[in-house]
Structures are given as C-alpha cells and as structure tokens.
Amino acid sequence: MPAETHDHRAPLDRADVERLVREQLVEILGVDPDDVTPDSRLREDLDADDYAVIDLVEAVELELGERTVALSIDDDDLAELLTVRDAVDCVVARLDAEPES
C-alpha cells in the first residue's frame, strides 16, 4: 500500500518493529540473524558499540519515518537500550505516543 494513497497511517505492530530492529542489527553489525534474539544484549552479545547503537536508531527512524510522521528517539534513551527487546520497546513506545493525524 503506497503511503500517499491513504489518509492515515497503517498501524505497525510489535512484530513489525521487532523484525525491523533485527534486520537493521544484522546489517549494521554483520552478525548472524540467529544471534539476534529479543534477549540478546546489544553490547555484550552482539558487540555493538555506542556508534552502532546510534546507527541502529537512525536507521529505524529513517525507515519508520517513511511510514509514520517524524518518529524520533531521544539521545537520552540510548543508554537505556541494553537488549534487542529494549530497542523494540523504545520504538513501540514512541509509536504509541505519537498523536494521530
């Protein structure tokens, strides 16, 4: 469904967000997709440094920004992203907090 043909956003569910986060982590970190689970720790298990976490957030914002209105994750939230689940929770919370147009 092209976005321009709809007056409102198609809802993204948690599974869509998790799939996107996992795909971005695989691409950014060059890790095996099977290694990226909800409980994987970004820094300890996946060897993501702070720059990789920033890249993840920017990639997710860019991808979801094409589907939603101005998704933005605060820099202060980056330190709290410890696991893949934390990253998914953060994105879902931001999507839920966006006002309906």
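Below, the figures for the structure above:
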quantity: Residues that are touching a residue at least 24 places away in the same chain (Cβ under 8 Å) and outside any loop (DSSP other than H, G, I, E, B), drawn from the stretch 70-85; calculated: LEU78, THR83, VAL84, ARG85
quantity: Of all residues in the stretch 4-18 being exposed (fewer than 12 other Cβ atoms within 10 Å of the Cβ) and in a helix (DSSP H, G or I), the one that is modelled with the highest pLDDT; calculated: ALA15
quantity: Checking ALA59 against (1) at pLDDT 95 or above; (2) of a type outside the set (D, E, K, R); (3) touching a helix residue (DSSP H, G or I) at 6+ places or on another chain (Cβ under 7 Å), the condition it does not meet; calculated: (1)
quantity: Where a residue in the stretch 16-27 is closer than 12 Å to VAL57 by Cα and touching a residue at least 12 places away in the same chain (Cβ under 8 Å) and its partner, wherever it lies, is part of a helix (DSSP H, G or I) and acidic (Asp, Glu), with Cβ under 7 Å and at least six apart; calculated: LEU20/GLU63
quantity: Which listed residue is surrounded by 12 or more Cβ atoms within 10 Å (Cβ to Cβ), touching a helix residue (DSSP H, G or I) at 6+ places or on another chain (Cβ under 8 Å) and touching a residue at least 24 places away in the same chain (Cβ under 8 Å), from ARG67, ARG41; calculated: ARG67
quantity: Residue count, the stretch 23-42 (criterion: over 16 Å from the mean Cα position of the chain (by Cα), part of a loop (DSSP other than H, G, I, E, B) and among the charged types (D, E, K, R)); calculated: 1
quantity: Selection count where residues are modelled with pLDDT under 85, surrounded by 11 or more Cβ atoms within 10 Å (Cβ to Cβ) and over 11 Å from the mean Cα position of the chain (by Cα), scope the stretch 78-100; calculated: 1
quantity: Out of VAL88, VAL92, sole residue that is in a helix (DSSP H, G or I), closer than 21 Å to GLY30 by Cβ and either out of contact with any Lys or Arg (no Cβ under 8 Å at 6 or more places or on another chain) or not polar (S, T, N, Q) (or both); calculated: VAL88
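The values are calculated or read from the model by the stated rules, or taken from the named source; none is laboratory data. What you see is a predicted model; the values in this text were computed from it and never measured. Note that we place each Cβ from the backbone using ideal geometry, even for glycine, and neighbour counts take in every protein chain shown.
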